[in-house]
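Enquirer: This is the structure, below, for whatever I ask next.
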Amino acid sequence: MMNFAIIGCGFIANKHAQAIQNVKNAKLVAVCDRVPKLMEPYTTQYGATPYTTIEEMLKDDTINIVNICTPSGSHADLAELVAAHGKHIIVEKPIAMTLTEADRIIDAANNYNVELAVVHPNRFRPAAMKLKEIIEENRLGKLSHALCTVNWNRGQEYYDQAPWRGTKAHDGGVLMNQAIHNLDLLLWYLGKPKKVFGMGATRLRNIEAEDVFTGIIQFSSGVLATIQASTTVYPKNYEESITIFGEKGTVKIGGANALYFETLEMESMDFDQCNVVINELKNDPWGKPGHEAIIEDMIHSIQHGRKPAITGIEGRNAIKLVLSLYESSSTNKLVNLL
């Protein structure tokens, strides 16, 4: 049995708690938040011990893994504390707000010999995993280009829930907060980015960071990709999609949450074979919830002495791409990454 603790009992912590409860050999034993009232659901529903100070919670030697669910700008300080107490770390996306902070987290995990996983749950969606398999099997042939779209709705009330939301120091805008999952998938599918150019703006939401962004990415393979993301769509989430174009196939994962194959055409599969894959995913589009998969993977990595599926380095790569696009937008210049 692996004992878990959660730091930060805001909105996303509930997903972590539910996932821990649903995973075999996992138990939520502690929660920590400065606001005692926020911990009440976790003490009553899960029997977790509440703490208002992290240092006190980390004295509990029975805790194996700590899930950090606080605002992104606080991740580095907390991760260093957790690692110093010999606890393994699951940190919500983005891993941090700067590369320096990400490096501090990665170094702490390495120095104290604990495992570190970053929460990018979209990788575990059935359609996303199937597309990864298609690319790795070279069914699309030489890749040409890709399109990545996140047109969502996050009203002003979403940002007004907490003073850190929409700030550059603790949250970021649509690219860092929402579209980072899709950028992580592009990196997973297409490899290292080489150059980027981006433009962002704050059009409709009263926030410090951007609510709409458009960017172009050139990967080291030569593949070109565009990213278009916003939280300004009326009245609800409109589209989340990734399309990959190759010499022998075209694949689009789409819908409001990138769960379905809207297009699946490949030279290596006839119409009926493609339809079988499309219909299989329609029956179970979400699959195992991503947070559950990440928690299971962390347990297995500890038990079998291997790295988690989504390491600190991969979390760092995602924010490096975001920060490079931000740099391009602020300077109006092409940014080289390699």
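Enquirer: Any chance the stretch 129-144 includes a residue that's over 17 Å from the mean Cα position of the chain (by Cα), surrounded by fewer than 15 Cβ atoms within 10 Å (Cβ to Cβ) and of a type in the set (S, T, Y)?
Expert: yes
Enquirer: Is there any pair with a first residue in the stretch 8-29 that is without any contact (Cβ under 8 Å) to a residue 12 or more places away in the chain and a second that is open to solvent by 40 Å² or more (accessible area, probe 1.4 Å) and part of a loop (DSSP other than H, G, I, E, B) whose Cβ atoms are under 7 Å apart and which are 6 or more apart or on different chains, and what are they?
Expert: Filtered contacts from the stretch 8-29: no entries.
Enquirer: Does I295 satisfy being under 24 Å from R139 (Cβ atoms), buried (at least 20 other Cβ atoms within 10 Å of the Cβ) and within 22 Å of the chain's Cα centre (by Cα)?
Expert: Spelling it out, it is not the case that I295 is under 24 Å from R139 (Cβ atoms), buried (at least 20 other Cβ atoms within 10 Å of the Cβ) and within 22 Å of the chain's Cα centre (by Cα).
Enquirer: Within the set of pairs 6+ apart or on separate chains, which have a first residue in the stretch 117-130 that is within 14 Å of P285 (Cα to Cα), a second that is open to solvent by 30 Å² or more (accessible area, probe 1.4 Å) and among the aliphatic types (A, V, I, L, M), and C-beta atoms under 9 Å apart?
Expert: R123/M129; R123/A309; F124/A309
Enquirer: Out of everything in the stretch 86-107 that is part of a helix (DSSP H, G or I) and open to solvent by 10 Å² or more (accessible area, probe 1.4 Å), what residue ends up being nearest to D184 (Cα to Cα)?
Expert: Once the filter is applied, the top-ranked residue is L99.
Enquirer: Only one of (1) over 21 Å from T70 (Cα atoms); (2) among the aliphatic types (A, V, I, L, M); (3) open to solvent by 10 Å² or more (accessible area, probe 1.4 Å) is not met by A162, so which one is it?
Expert: Against the list (1) over 21 Å from T70 (Cα atoms); (2) among the aliphatic types (A, V, I, L, M); (3) open to solvent by 10 Å² or more (accessible area, probe 1.4 Å), A162 comes up short only on (1).
Enquirer: For residues in the stretch 298-335 being basic (K, R) and within 18 Å of N177 (Cα to Cα), which is surrounded by the most Cβ atoms within 10 Å (Cβ to Cβ)?
Expert: R316
Enquirer: For the stretch 233-254, what are the residues that are among the basic types (K, R) and open to solvent by 80 Å² or more (accessible area, probe 1.4 Å)?
Expert: Of everything in the stretch 233-254, those that are among the basic types (K, R) and open to solvent by 80 Å² or more (accessible area, probe 1.4 Å) turn out to be K236, K248.
Enquirer: Among the residues of the stretch 53-78, which ones are over 17 Å from the mean Cα position of the chain (by Cα) and either modelled with pLDDT under 95 or of a type outside the set (V, I, T) (or both)?
Expert: The answer is E55, E56, M57, L58, K59, D60, D61, N64, D77, L78.
Enquirer: Do we have any residue at all in the stretch 36-54 that's of a type in the set (A, V, I, L, M, F, W, C) and touching a residue at least 40 places away in the same chain (Cβ under 8 Å)?
Expert: Taking every residue of the stretch 36-54 in turn, at least one turns out to be of a type in the set (A, V, I, L, M, F, W, C) and touching a residue at least 40 places away in the same chain (Cβ under 8 Å).
Enquirer: Quickly run through the stretch 9-23 and pick out the residues that are at pLDDT 95 or above and in contact with a helix residue (DSSP H, G or I) (Cβ under 8 Å, 6 or more places away or on another chain).
Expert: C9, A13, N14, K15, H16, A17, Q18, A19, I20, Q21, N22, V23
Enquirer: Okay, moving on. Of all residues in the stretch 255-274, how many are closer than 21 Å to G290 by Cβ, open to solvent by less than 30 Å² (accessible area, probe 1.4 Å) and free of Cβ contacts under 8 Å to residues at least 60 places away in the same chain?
Expert: 1
Enquirer: Scan the helices (runs of 4 or more DSSP H) fully inside the stretch 231-338 and keep the ones with 3 or more residues being closer than 30 Å to N206 by Cβ.
Expert: Output list reads 312-331.
Enquirer: Picking from L338, L281, which residue would you name as being in contact (Cβ under 8 Å) with a residue 40 or more places away in the chain, surrounded by fewer than 13 Cβ atoms within 10 Å (Cβ to Cβ) and of a type in the set (A, V, I, L, M, F, W, C)?
Expert: Exactly one residue qualifies, and that residue is L338.
The values are calculated or read from the model by the stated rules, or taken from the named source; none is laboratory data. The structure presented is a predicted model; accordingly, all values stated were derived computationally and were not measured. Every residue, glycine as well, gets a Cβ built from its backbone with ideal geometry; the counts of neighbours run over all protein chains shown. The area values use the complete protein model at the heavy-atom level, side chains included, leaving out ligands, DNA and RNA. Shrake-Rupley method; radii C 1.70, N 1.55, O 1.52, S 1.80 Å.
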